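Single-structure report; data block below.
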Amino acid sequence: MKKIGLSKFEHLLHVRILGGFQKFSRTIARTSGHPLAFVIAIGTVVIWALTGPWVRFGNTWLLVINTVTNIITFLMIFLIRNAQNRESEAVQLKLDELIRATKAAHNSLLDIEELSEDELDQIKTRYERLAKKAREDLSTTPTETILPESPPDATATMK
C-alpha cells in the first residue's frame, strides 16, 4: 500500500516540477522575445562598453561580458527549445485532429513525423505529383473572367 502512495506522490511531484518548468520556460520564451528585452540587452552592452575606459579595457572587462552572454545563451537554448517543443507538439495534435476529422484525408498521415527520411521522401514525391497534376488540370480549364458588379439601377431601388 505504501508503494502505491509513494508512486502517486512521485507522480504528483514529477507533474508539479515538470509543469512548473514548462510554465517558467513559456514565460521566459515570451519575455525574451519582447522588444523591451532587446532594449535591456542593448542597454547592458552599451553600459559594458562605456565602462571599458574606466577599467582600461582589461581582460577581466572582456571576460565579464563573454561569460555572462555565454551563460545566458546556454540556458536560453534549453528554455526556448522546451517552449518550441510544446508548441510544435500542440500544432501537430491540432493537425492530427483535422486529418482525423476530415473524411477525405488519409489517416495514415497522423503519425507522419515518426517515419524515416526515405518514407517521407516517397510521400513528398507522391504529393508533388498530385500538385503538378492539379496545376496542369487548372491550366487546361478555361477560367471565367470576373466582371465588376454594375452599380444598382437607381430606378429599380425606388420601386
Tell me which of these SER25 doesn't satisfy, since it passes every other one: (1) surrounded by 10 or more Cβ atoms within 10 Å (Cβ to Cβ); (2) part of a helix (DSSP H, G or I); (3) out of contact with any helix residue (DSSP H, G or I) (no Cβ under 8 Å at 6 or more places or on another chain). (3)
Does THR44 meet the test of being surrounded by 12 or more Cβ atoms within 10 Å (Cβ to Cβ), part of a helix (DSSP H, G or I) and modelled with pLDDT of 90 or more? yes
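What number of residues in the range 122-159 are assigned to a helix (DSSP H, G or I) and either at pLDDT 55 or above or surrounded by 10 or more Cβ atoms within 10 Å (Cβ to Cβ) (or both)?
Filtering the range 122-159 down to residues assigned to a helix (DSSP H, G or I) leaves 122-140, 154-158.
Next, from what is left, pick out any that are either at pLDDT 55 or above or surrounded by 10 or more Cβ atoms within 10 Å (Cβ to Cβ) (or both): 122-140.
Residues flagged as assigned to a helix (DSSP H, G or I) and either at pLDDT 55 or above or surrounded by 10 or more Cβ atoms within 10 Å (Cβ to Cβ) (or both) within the range 122-159 amount to 19.
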Residue by residue through the range 53-109, note down the ones that are modelled with pLDDT under 85 and either among the hydroxyl-bearing types (Ser, Thr, Tyr) or not in a helix (DSSP H, G or I) (or both). LYS103, ALA104, ALA105, HIS106, SER108
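Has the range 53-64 got at least one residue that is within 23 Å of the chain's Cα centre (by Cα) and either more than 16 Å from PHE24 (Cβ to Cβ) or of a type in the set (Gly, Ala, Ser) (or both)?
Within the range 53-64 (the criterion being within 23 Å of the chain's Cα centre (by Cα) and either more than 16 Å from PHE24 (Cβ to Cβ) or of a type in the set (Gly, Ala, Ser) (or both)), the answer is no, since none of the residues qualifies.
The values are calculated or read from the model by the stated rules, or taken from the named source; none is laboratory data. Note that the structure is predicted; figures quoted are calculated from it, not measured. Cβ: placed from backbone, ideal geometry, glycine included. Neighbour counts: every protein chain shown.
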